[in-house]
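Report on one structure; see the data block that follows.
The values are calculated or read from the model by the stated rules, or taken from the named source; none is laboratory data. Here the structure is a predicted model, which means the values were calculated and not measured. For neighbour counting, all protein chains shown are included, and Cβ atoms are generated from backbone atoms with ideal geometry for every residue, glycine included.
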Amino acid sequence: MKPGPIREFVEYAAAWTALSALGLLPRRAAVTLGEWVGESGYRLARGLARTGRRNLEIAFPEKPLAERERILRGAFRNVGRQLGEFSQIPRLRTPEDARRTVRLENREIPLDVLASGRGVLFLTGHFGAWEISPICMRISGTPPVNFLVRRLDNPRLEALAERLRTRCGNRTIDKRRAARPVLAALGRGEMVGILADLNTLDNEGVFVDFFGVPASTTGGLATFALKTNAAVIPVHTRWDEGERRYVQKFEPELEILRTGSRDEDIRANTQNFTSIVEGWIRANPDQWIWIHRRWKTRPPGEPGLY
């Protein structure tokens with residue numbers, strides 16, 4: 001629901017003030033303060049913390065409560081860390097600036113695909129630094145990235161986010177009207193990033209296993225892959241505490257299953273994509289967005305999990 005004009009302005013003013021204040025600080029200080037903000041959210045945002053605890057109970061029933069709390073606290077810190085990094089976007093101007101924020105691994109994988117004339121579909125998720133990574137890719141010299149986003153209900157906040165996300169030449173695509181622009185971009189041999197790890201409505205997704213529990217998941221990535229000759233390349237960006245920066249890793253192109261049965265191919269490929277994302281999360285569980293109700297949509301007849 002679109003907020004009223006007063007709430008719209010208050011939300012925008014709060015976001016602009018926070019980003020501007022953090023943006024005045026050196027990067028390391030902004031990131032450290034952002035982590036503190038995340039810690040505060042862990043203590044104060046009780047509704048989000050409750051969702052996170054339930055998600056971790058579903059995903060890791062075998063883990064002790066103290067370990068799940070450690071993961072949840074780290075997840076809040078990760079969100080706060082991203083806030084600090086997001087505030088520094090106006091300072092990102094040179095490849096050296098980008099390297100201080102994100103170290104790229106295997107960047108030649110997508111570049112080799114582009115050199116062959118094919119488009120690239122990035123399989124990614126709300127993990128690590130999903131907002132800052134395409135910006136650092138571009139500033140490092142990689143061609144522009146198109147990526148799907150959900151437009152914010154507050155138009156002032158949406159305009160602010162759009163300016164920051166696209167200031168270096170990347171382009172956003174509204175996920176609600178994505179088919180034509182995505183196919184056009186892939187036809188031009190460009191890169192398109194799709195975050196494929198959030199809950200979808202039952203009429204918009206397919207049910208695949210995520211941590212052993214059916215989860216309604218977008219079939220869009222599989223649909224685009226089956227319709228085009230684009231390469232599907234998994235990529236995730238994790239925080240490295242020792243380096244105090246992110247590491248963005250590109251993985252080898254995935255083989256796409258094509259049996260001729262459209263529905264089954266979408267489901268099977270989506271399951272493969274989801275299993276890859278799950279692997280990233282299992283390796284670094286405190287870097288995923290546990291505060292999202294990932295299992296909200298249930299198969300027909302199943303009770304709710306929240």
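Restricting attention to the range 184-242, which residues are under 22 Å from residue 281 (Cβ atoms) and among the polar types (S, T, N, Q)?
199, 200, 216, 217, 218, 237
What pairs can you find where one residue is in the range 161-175 and under 15 Å from residue 142 (Cα atoms) and hydroxyl-bearing (Ser, Thr, Tyr), the other is in a helix (DSSP H, G or I) and at pLDDT 95 or above, and their Cβ atoms are less than 7 Å apart, with a gap of 6+ or different chains?
none
Consider residue 232 carefully, then state whether it is touching a residue at least 60 places away in the same chain (Cβ under 8 Å), of a type in the set (Val, Ile, Thr) and touching a Leu at 6+ places or on another chain (Cβ under 6 Å).
Considered against the rule, which asks whether it is touching a residue at least 60 places away in the same chain (Cβ under 8 Å), of a type in the set (Val, Ile, Thr) and touching a Leu at 6+ places or on another chain (Cβ under 6 Å), residue 232 comes out as yes.
Regarding the range 159-169, can at least one residue be identified that is surrounded by 22 or more Cβ atoms within 10 Å (Cβ to Cβ) and of a type in the set (A, V, I, L, M, F, W, C)?
No, there is no match, as no residue in the range 159-169 is surrounded by 22 or more Cβ atoms within 10 Å (Cβ to Cβ) and of a type in the set (A, V, I, L, M, F, W, C).
What are the residues in the range 54-66 that are part of a helix (DSSP H, G or I) and within 18 Å of residue 279 (Cα to Cα), if any? Break it down into steps so the answer makes sense when it comes.
Taking the range 54-66 as the starting set, the residues that turn out to be part of a helix (DSSP H, G or I) are 54-59, 65-66.
Of everything in the range 54-66, those that are part of a helix (DSSP H, G or I) and within 18 Å of residue 279 (Cα to Cα) turn out to be 55, 56, 57, 58, 59.
Identify all residues within the range 105-125 that are surrounded by 21 or more Cβ atoms within 10 Å (Cβ to Cβ) and not in a helix (DSSP H, G or I); write none if there are none.
Correct list: 119, 120, 121, 122, 123, 124, 125.
If you go through the range 217-246, how many residues are over 15 Å from residue 123 (Cβ atoms) and of a type in the set (Phe, Trp, Tyr)?
Residues flagged as over 15 Å from residue 123 (Cβ atoms) and of a type in the set (Phe, Trp, Tyr) within the range 217-246 amount to 2.
Starting from the range 10-24, keep only residues that are surrounded by 13 or more Cβ atoms within 10 Å (Cβ to Cβ) and of a type in the set (Ser, Thr, Tyr), then list their pairs with residues that are modelled with pLDDT under 95 and assigned to a helix (DSSP H, G or I) whose Cβ atoms are within a distance under 8 Å, requiring at least 6 positions of separation or different chains.
12/156; 12/157; 12/160
Name the single residue, out of those in the range 84-99 being touching a Leu at 6+ places or on another chain (Cβ under 9 Å) and in a helix (DSSP H, G or I), that is farthest from residue 144 (Cα to Cα).
Here the residue is 84.
Kindly indicate whether any position in the range 269-286 is buried (at least 16 other Cβ atoms within 10 Å of the Cβ), over 27 Å from residue 159 (Cβ atoms) and without any contact (Cβ under 8 Å) to a residue 60 or more places away in the chain.
yes
Regarding residue 27, is this residue charged (D, E, K, R), surrounded by 11 or more Cβ atoms within 10 Å (Cβ to Cβ) and within 23 Å of the chain's Cα centre (by Cα)?
Yes.
Could you tell me which of the residues 298, 293 is assigned to a loop (DSSP other than H, G, I, E, B), in contact with a strand residue (DSSP E or B) (Cβ under 9 Å, 6 or more places away or on another chain) and at pLDDT 95 or above?
Among 298, 293, only 298 is assigned to a loop (DSSP other than H, G, I, E, B), in contact with a strand residue (DSSP E or B) (Cβ under 9 Å, 6 or more places away or on another chain) and at pLDDT 95 or above.
Which of the residues spanning the range 158-175 are part of a loop (DSSP other than H, G, I, E, B) and of a type outside the set (Lys, Arg)?
Of everything in the range 158-175, those that are part of a loop (DSSP other than H, G, I, E, B) and of a type outside the set (Lys, Arg) turn out to be 168, 169, 170.
Which count do you get for residues in the range 254-290 that are over 20 Å from residue 204 (Cβ atoms) and touching a strand residue (DSSP E or B) at 6+ places or on another chain (Cβ under 7 Å)?
Going through the range 254-290 one residue at a time, the tally reaches 9.
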